[in-house]
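Asker: First the structure, which I've put down as structure tokens, then a few questions once you've had a look.
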Amino acid sequence: MKREKYKRILLKLSGEALAGESGFGIDTDILDGIANQIKDLQAAKTEIAIVVGGGNIFRGVKGATKGMDRASADYMGMLATVLNCLALQDSLERKGVYTRVQSAIEMRALAEPYIRRKAVRHLEKGRVVIFAAGVGSPYFTTDTTAALRANEMNCQVLLKATSVDGIYSADPKTTPDATKFEEISYMDVLQKGLKVMDSTAITLCMDNKLPIIVFNLRKPGAMAQVVGGENIGTIVHN
Ligand code: UDP
């Protein structure tokens with residue numbers, strides 16, 4: 001299937017994408033590498049919205065398994081995403097990329113509050129908009145946030161950056177004969193229980209016909225290739 005070139009995208013970066021090998025915290029070299037890829041995209045006039053996760057610092061579910069109140073733990077997770085967003089903003093701005101962080105939980109000293117129309121205006125002006133604090137409510141994930149904001153911003157595609165080349169029939173790290181899908185339907189992702197994004201996020205994309213492309217962020221230039229319509233990664237659509 002021939003892919004499209006995309007003008008306005010939403011990029012979902014997990015917290016782990018910023019962490020490097022240790023899986024924890026922020027690796028500034030890795031962050032800079034990601035920022036360089038984003039800078040190239042912006043220079044090519046792609047309108048870029050970004051949702052950043054917080055799993056490299058704190059995940060609500062994990063706190064809850066240790067006895068914490070789930071909602072309180074989730075608020076901690078949302079705050080973790082803010083740290084990552086500020087780090088990404090700093091890295092981008094040092095490279096001369098104009099950005100705005102909008103937070104779903106108001107913290108005016110650090111970030112604009114989330115205002116949809118304002119975010120769209122920033123995109124139109126070529127600023128990279130980074131969405132912090134998830135949807136602002138517990139029991140959600142930043143994957144669902146990405147699906148929601150992508151729809152709100154009228155993005156043409158949700159790019160899910162990972163450390164593998166796409167969606168496989170099984171985990172390629174543990175199952176060597178796992179096969180990669182070039183394309184797959186939302187329903188197959190749900191029915192096969194493939195760990196792409198949580199089911200709320202997949203359903204939101206399915207109901208609104210928003211394609212998802214899963215690709216390997218660690219390959220140099222991968223982001224530009226995906227946005228340019230090259231056939232890499234796996235596309236999830238109808
Ligand atoms: N979170 C939340 N509501 C949201 C988004 C995130 O409660 O709308 C919390 C939740 O605890 C989650 C944590 O923030 O575990 C970090 O986000 P996520 O796990 O999605 O990050 P990622 O896996 O992408 O690094």
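Asker: Just to check your reading of the model, which residue among Asp177, Asp165 is more than 16 Å from the ligand (Cβ to nearest atom) and surrounded by 14 or more Cβ atoms within 10 Å (Cβ to Cβ)?
Answerer: Residue meeting the stated conditions: Asp165.
Asker: Of all the helices (runs of 4 or more DSSP H) wholly in segment 1-117, which have at least 2 residues that are under 17 Å from the mean Cα position of the chain (by Cα) and either surrounded by fewer than 13 Cβ atoms within 10 Å (Cβ to Cβ) or in contact (Cβ under 8 Å) with a residue 40 or more places away in the chain (or both)?
Answerer: Where helices (runs of 4 or more DSSP H) fall fully within segment 1-117 and carry at least 2 residues being under 17 Å from the mean Cα position of the chain (by Cα) and either surrounded by fewer than 13 Cβ atoms within 10 Å (Cβ to Cβ) or in contact (Cβ under 8 Å) with a residue 40 or more places away in the chain (or both), they are 28-43, 70-94.
Asker: Can I ask one more? Looking only at strands (runs of 3 or more DSSP E) that fall completely inside segment 125-215, which ones have 2 or more residues that are in contact with a Ser or Thr (Cβ under 6 Å, 6 or more places away or on another chain) and closer than 24 Å to Gly33 by Cβ?
Answerer: Passing ranges, in order: 128-132.
Asker: Are there any pairs, at least 6 apart or on different chains, whose C-beta atoms fall under 9 Å, with the first in segment 128-142 and closer than 20 Å to Leu86 by Cβ and the second acidic (Asp, Glu) and within 7 Å of the ligand (Cβ to nearest atom), and if so, which?
Answerer: Qualifying pairs under 9 Å: Gly134/Asp74.
Asker: Just give me the residues in segment 194-238 being among the small types (Gly, Ala, Ser) and farther than 21 Å from Gly53 by Cβ, in sequence order.
Answerer: Scanning segment 194-238 gives Gly221, Ala224, Gly228, Gly229.
Read-outs: derived from the displayed coordinates by stated rules, not from any lab. Quick caveat: nothing in here was measured; it's all calculated off a predicted structure. Because the Cβ atoms are built from the backbone with ideal geometry, glycine has one as well, and the counts that use them run over all protein chains shown.
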